1. If each residue's Cβ is checked for other Cβ atoms within 10 Å, how do 270, 241 rank with the fewest at the top?
2. Tell me, 275, 341, 41, 231 in order of fewest to most beta-carbon neighbours within 10 Å?
3. Measure up 149/292; 149/214; 292/312; 232/293 against 27 Å on the Cα-Cα distance and list the ones that go over.
4. Please arrange 49, 210 by how many other C-beta atoms lie within 10 Å of their C-beta, fewest to most.
Amino acid sequence: MRKNIIWQVTGILCFLSLPFLLSPRPPGSSDFMFSPPFLRDFTSSLLMVLFFYGNYYWFIPGFYLRKNYLVYGLILILSLVVISYLPSLLTGYLSWPEFAPPPMEFRGPRRPPDDSLVIAIRHNILLFILVVLFSIFLRVREKLYELEKTKNQMELGALKNQVNPHFLFNTLNSLYAMALRDKAISTADNIMKLSGLMRYVVTETNNAFVTLEKELNYINGYIQLQKIRLDKNVKLNYHVEGSSGSLQIAPLILIPFIENAFKHGVNPDEDSQIDIRISTEGSSLKLIVVNKKVSIQNSVHEQSGLGLENTKSRLRLLYPSRHDLFLSNDKKTFRVVLTIDLDDESHSHR
């Protein structure tokens, strides 16, 4: 928010400095800033700044984006006339007589005098067009950003309703087998872990950001439950290094890469291996997931949920210039290396 205000103030100051560079300087004038041409151009620049914000917040969303182009075009024409002519009326200046062409003698009908309104519009039209196009560009870009954000929220909502049913089915089957075998405390403990995962997905993901500690607890619970159905042919290495501190992260932004390793890296008939490492250093988080590729045909259930492409989209939206994602897919292994700078979240979303 603060950066946005700084950029806006800087842009306004740069725009208002144009009269210092472009306004004509009257011959022999020592007080340039109080001369009529400067005051005219400076007033025009002020009016264009006001028009920019009016166009951005009211005219574009109220008429342009609703495809009411006729009314929007009339507003632009009226705004151009006001911006072009009002400063001249206020300052009493239209053009420097020193730069006016000498009068010409005509034997026929006299040439009508130059239309001062046309001169004023011609003086401002290029800058006015740039202001209009720039404000439309910013508003349309913001609209696209909002649509993509809404799309990602809908995808995350769908994830809450599905939460990889294949994983849940396998886990419940494993818990059922354990209950038949020993009816021990471990069964109740695993059921509590599953309940905790469901509670996290349903409640915590309503927030834009959660503490990194909660996200890591969710991942740890997920992996512990996955171990229930893994046999001796699967080698699983899971390590967490560093301190989460007060860092915050978008919920469920890491789990799709881990989930993908279990989807495509486990086969009871083959030797399988999954390596997962999560480390933090300062505000930087690094996730490395490597799984040995096995021969397995995914079921319909296993193909559902939040896929890698949707996760890439969330990363671009939430961490546009603060993440680095590397995916390697060769014949034997699939590797994910994700680095995210969480500094902004640790300060802005407490």
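1. Working: 270 14, 241 10.
Lowest to highest Cβ neighbour count: 241, 270.
2. Details: 275 18, 341 15, 41 24, 231 8.
Least to most surrounded, the residues fall as 231, 341, 275, 41.
3. Distance filter (> 27 Å) returns 149/292.
4. Working: 49 15, 210 22.
In order of increasing Cβ crowding within 10 Å: 49, 210.
Every number in this text was worked out from the coordinates using simple rules, so none of it is lab data. Worth saying up front: this structure is predicted, and the values here are computed from it rather than measured. Glycine gets a Cβ as well: all are built from the backbone with ideal geometry, and neighbour counts include every protein chain shown.
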